[in-house]
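Values quoted throughout were computed directly from the atomic coordinates according to the rules given, and no laboratory measurement underlies them. Keep in mind that this is a model prediction, so the values were computed, not measured. Virtual Cβ from ideal backbone geometry, glycine too; neighbours counted across all protein chains shown.
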Amino acid sequence: MTDQHARATRLAPQDRTRTAASYARKSDANESAVQDQHVTNAERALHDGFDIPLELRWGDDGVSGTTTKRSGLDALLALIQSGNAPFQRLYVRDRDRLARTADPRYTFYVEFLCKLQGVQLCYTTDKKHVTYGDGGDEGMVEFITSALKNMKAHQELADTRKRTTRGTRTSLKKGHFVATRAPYGYDRWLARNDTSAFVRMVPDGERIRMADHHFRLRVNPAEQVALQHLFDGIRQRKAFAQIARELEAIGAPRAGTTPWSASNVRDIATNPMHKGDYVYGRLKHDGAPTPAHELNAEEATTAPVLFADFMPDAPLSAAEWERIQAVIAERLALARHQKPSGTRYLLTSILRCSTCNTGLFGHRQAPRGGERVRMYRHPVPRAQGDTVPCPHANRYLHAEPLETAALTATRLLLSSDEAQRLARQELARLRENAGAAHHATALRETEAALGAAKRAAAEANVRAARAATEMERQIHDATMLTLAAEAQALTTRVEALRMDAVRIADAEARLPAMEARLTELQHSFERCSSDERKVIVATVIDSMRVDFAANHVEVRVRAA
């Protein structure tokens, strides 16, 4: 529609005589139907004595009439509101092509926008085009009639949704499957309406419409075997991840294109289809509304609806399925109760690779047939681009010896005079760098020189006002440039000296408090909580560099 808009705006306003435009819309993508509407509009315009050129046709294909944001309509209205519309009339097949909004005023709003710019909005199916005249009874009748038509268009949409919902539920009551993907353990089959005989299996996602046929679910034997293994694992109170690994190991058909995972196992195990019940419109997140039984569900509800006994040969009875759900709920509650805090891994953000400086993260790994152990893992870059990946990516290190080394280093530092020595050493370095012995004198001298430079610049300005010749003015300009450069250099020097003085004073003030804080840490480190201990370790240790090649870890203590 952008090209049409550009072509239309190039037409001169004087070309508007007996020229009209067309707008068409279709909810389902159907370009031929949109073109048919344009043809109908053109025929009515020709009957009225108007011509609709090809470049003055706008449309929205595959766009619902309930939305007021449409690229084609927006471009058309923008052209009309600009006052440069090269047409006097706009033809739309019917009001429901313009809008199906719940608010009938939207259609009047568009009509009024067109009228303000001298464009009459005409509906092709109307025997007489509405003009509203200048008021009076006839104009009021036209207004009420149009409002009723707008409300009818919205009501027709609501009725269509009700008919669709009603038809879907009727099909489900008959055992027809209406979704495009079959639940795990079943396949979609095309079946005859009269005998319910299966004709052929249809892959997930494929859409087929065939007269006197419908879709039914049929057991997938291989997936049913995997289901039994899955439910047996839950009965034995195995973790979802362990069941997923076992299913992957025995080559069970996957629930999708990705390998088996804990989330796959949980989603399948909690699907009531495996006890024979089908939930239409079920939401897949916590807090989903409880499905209403299809006998009690409202006709136009969008909430989940339960169809009991949808599959007569379900792998679990209702009692077995409830026991499975009880085990799942018990395990989830236990997992939430035992969920570790974020401080389970002491060296997060501290432990780094000495080769690429990438931080290692905590990871619980379960060796084959063993219990899970705490590890630190070198991450694998998601997108390598042009960079060369670290040769140690995806390497694992046991957490216990690394954290023991970190705690030992922290204890030694807190229990000795090393921390105080480092703090005093840092203060001495600051004093040395700033030239503390002559700092005050240097600051006073620099400030005096800056004041002299400013006074010299003021005197030069007085002399410049008295300059009588061009030579004197040139000498003044050169003098001012020199003084300005000198003043800038002195200003920078003064600011640097003042910042050094502030840093030294701050370090002097913090040193006693730091020594007192370290003494306090020495006494509390051994009896503090894991959260507090992690904070202390991060305060004392700057980083731990892992050299995978040399099998060595370097502990770097944070400066004071």
Potential extension, VAL199-HIS213 segment - 0.36 nm per residue separation minus Cα distance: 4.1 nm
Selection of trypsin sites (Lys or Arg not before Pro), the stretch 53-121, meeting DSSP coil and at most 15 other Cβ within 10 Å: LYS69
Virtual spin-label span in nm between ASN296 and GLU445, 7 Å along Cα→Cβ: 9.4 nm
Cβ-derived FRET efficiency at R0 45 Å, ASP542 paired with THR491, nearest 0.05: 0.80
R0 of 35 Å, Cβ-Cβ distance PHE361-ALA326: FRET efficiency to nearest 0.05: 0.50
Cα centre as origin, Lys/Arg/Asp/Glu Cβ charges: the stretch 186-338 dipole, Debye: 480 debye
Residue order, fewest to most beta carbons within 10 Å, for PHE50, PHE198: PHE198, PHE50
Estimated FRET transfer efficiency (VAL502, ALA393; beta-carbon r; R0 30 Å; 0.05): 0.10
Three-way shape label, the stretch 186-338, alpha-carbon gyration tensor, a/c 1.5: oblate
Bridge type composition, the stretch 186-338 - antiparallel percent by DSSP, nearest 5: 90 percent
Packing-based exposure ordering (other Cβ within 10 Å, fewest first) of ILE475, ILE250, ILE541: ILE250, ILE475, ILE541
Formal net charge of residues neighbouring LYS275 (Cβ-Cβ distance under 9 Å; K, R +1; D, E -1): -3
